[in-house]
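A short write-up of the structure that comes next.
The numbers here are math on the coordinates, done by the rules we state, and not lab data. Predicted, not measured: the structure shown is a model, and the values here were computed from it. No Cβ is skipped: glycine too gets one built from the backbone with ideal geometry, and neighbour counts run over all protein chains shown.
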2 protein chains.
Amino acid sequence: MKYTIVINREYGSGGRLIGRKLASRLGIPFYDNDLIRLTAEKSGFSEEYVKEASEKKTTSLLYSLYMTSLPVSDQLFLAQSQVVRDLAAKESCVIVGGCADYVLKDIRGLVKVFIHAPINDRIQRVRDEYNETSGDYKNYVTRMDKRRITYYRYFTQYKWGRAHDYNITLDSTAGPDTCAEIIECYIKTFLKF
Amino acid sequence: MKYTIVINREYGSGGRLIGRKLASRLGIPFYDNDLIRLTAEKSGFSEEYVKEASEKKTTSLLYSLYMTSLPVSDQLFLAQSQVVRDLAAKESCVIVGGCADYVLKDIRGLVKVFIHAPINDRIQRVRDEYNETSGDYKNYVTRMDKRRITYYRYFTQYKWGRAHDYNITLDSTAGPDTCAEIIECYIKTFLKF
């Protein structure tokens, strides 16, 4: 049976690592940064440009009012949505980010996961594991959270982090291996395989 | 190590059954309706009265303005909170409802769980398993949800069903045994035992 696992995550929660471990346990492809590369290919923009725009909503209302064609960030979202749909249509996979829960909301075999963690754990992870340098990590993590939430709300109209919208949500403090194992266990029963 | 698992659940999601199964797997006591009995003993009111009041907030603002002592529902909430604290202090246990996540928010070894399910699954469960008779089950389930959320918000000031507030949230469609197994797996790693 074909299925798609989509993961939304708080910045610094380790959701990406959990997704990678989960995909490896299930023996299926994992997409995260590949979304950027594939969207760049589809849209004709550079990977750097897509990466920068991929978590930013349309810049201004004035811009939308005066432009006759779609703003670039909206065009990129549409290109990325097509990439997400194509990946899900091809084979079972794990997709992190890209508002894939929204884009794929009507397909069969969709499993939605949300990963979060207390702010101090996330600050520590970003400082120690993410190769990010910042004078004020707390401020940086909060800013990245806000950016992600705003982007998500703008394109999906969904609320961020509502338990009811997910099959399973986890505080990643239990560790990436445990989280991946738990999600795998849930999925196997939920999808009956 | 002593720990307390608190479970909040949507009406008809089977959260109580999951809690009971979890407690049985872990070999620790389970409290749900016992909260009513113990609160009745503590407060001097009848079990029926406590049950009726235990998911209702204070009736009216006028009442609060003109009464010099606390409204009965507030008194009952305080009595129930003391019951919850006493149970958690005594030994490891599973507590369903009673705003126990709020009452126990500062204790060590607290694991917070939220159980939900799609509305149609909940309607079916209430009709088939809960011994409830209603002409309009959808309306009944929605009303019970609303009552539970209002009570929870009134006494805790927390939002209902926010993923970040829980260690783990689950859509119970995967079945009570799988959910209990998954929560047990999470807890054992999270609490390192």
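To the nearest Å, what is the center-to-center distance of the range B:103-126 and the range A:177-193, using C-alpha atoms only?
After rounding, the separation between the Cα centres reads 19 Å.
On average, how many beta carbons from a partner chain sit within 10 Å of the beta carbon of a residue in B:165-177?
On the way: counts 4, 5, 7, 8, 11, 9, 11, 1, 3, 11, 2, 0, 1.
That average works out to 6.
Rounded to whole Hz and in sequence order, give me ³J(HN,Hα) for the range A:96-101 from the Karplus expression 6.51 cos²θ - 1.76 cosθ + 1.60, θ = phi - 60°, writing x for Gly and Pro.
Taking θ as phi minus 60°, the curve returns 9, x, x, 6, 5, 4 Hz for the range A:96-101.
Using just the helices of chain A, give the 222 nm mean residue ellipticity in deg cm²/dmol: DSSP H runs with n ≥ 4 each add -39,500 (n - 2.57), and the total is spread over all residues, rounded to 500. Intermediate results must be reported in sequence, preceding the final value.
On the way: 9 runs with 105 residues, N = 193.
Helix-only estimate at 222 nm: -17000 deg cm²/dmol.
Other chains' Cβ within 10 Å of B:184-190 residues: what's the mean? Please report the intermediate quantities before stating the final value.
Details: counts 0, 6, 10, 1, 2, 8, 6.
Mean number of neighbouring Cβ atoms from other chains: 5.
Using a 10 Å cut-off around each Cβ of peptide B:150-163, what is the average number of partner chain Cβ atoms that fall inside? Present the calculation step by step, with values, prior to reporting the outcome.
Working: counts 0, 0, 0, 0, 0, 0, 0, 0, 0, 1, 3, 6, 7, 16.
Other-chain Cβ atoms within 10 Å of each residue's Cβ, averaged: 2.
Among the lysines, which fall within straight-line cross-link reach of B:LYS138, defined as a Cα-Cα distance under 19 Å, with same-chain neighbours fewer than 8 residues apart omitted?
B:LYS146
Residue by residue through the range A:44-53, which ³J(HN,Hα) values in whole Hz follow from phi under the Karplus form 6.51 cos²θ - 1.76 cosθ + 1.60 (θ = phi - 60°), with glycine and proline marked x?
For the range A:44-53, the Karplus-derived couplings read x, 7, 6, 4, 4, 5, 5, 4, 5, 7 Hz, x marking Gly and Pro.
For A:LYS188, give me every one of the lysines with a C-alpha distance below 19 angstrom, ignoring sequence neighbours fewer than eight places off in its own chain.
A:LYS2, A:LYS21, A:LYS112
Apply the Karplus curve 6.51 cos²θ - 1.76 cosθ + 1.60, θ = phi - 60°, to the phi angles in the range A:141-149 and return the couplings in whole Hz, x for Gly and Pro.
Residue by residue, the range A:141-149 yields 5, 4, 5, 5, 4, 4, 4, 5, 5 Hz.
If packing is taken as the average number of other Cβ atoms within 10 Å across a peptide's residues, how do B:113-119, A:5-11, B:123-129 rank, most packed first?
On the way: B:113-119: 22.1, A:5-11: 25.6, B:123-129: 15.9.
Highest mean packing first, the order is A:5-11, B:113-119, B:123-129.
Using only the Cα atoms of the protein assembly as shown, construct the convex hull and provide its projected area averaged over every direction, in square nanometres to one decimal. Numbers along the way, then the final one.
Values: hull surface 94.5 nm².
Computed as one quarter of the Cα hull surface, the answer is 23.6 nm².
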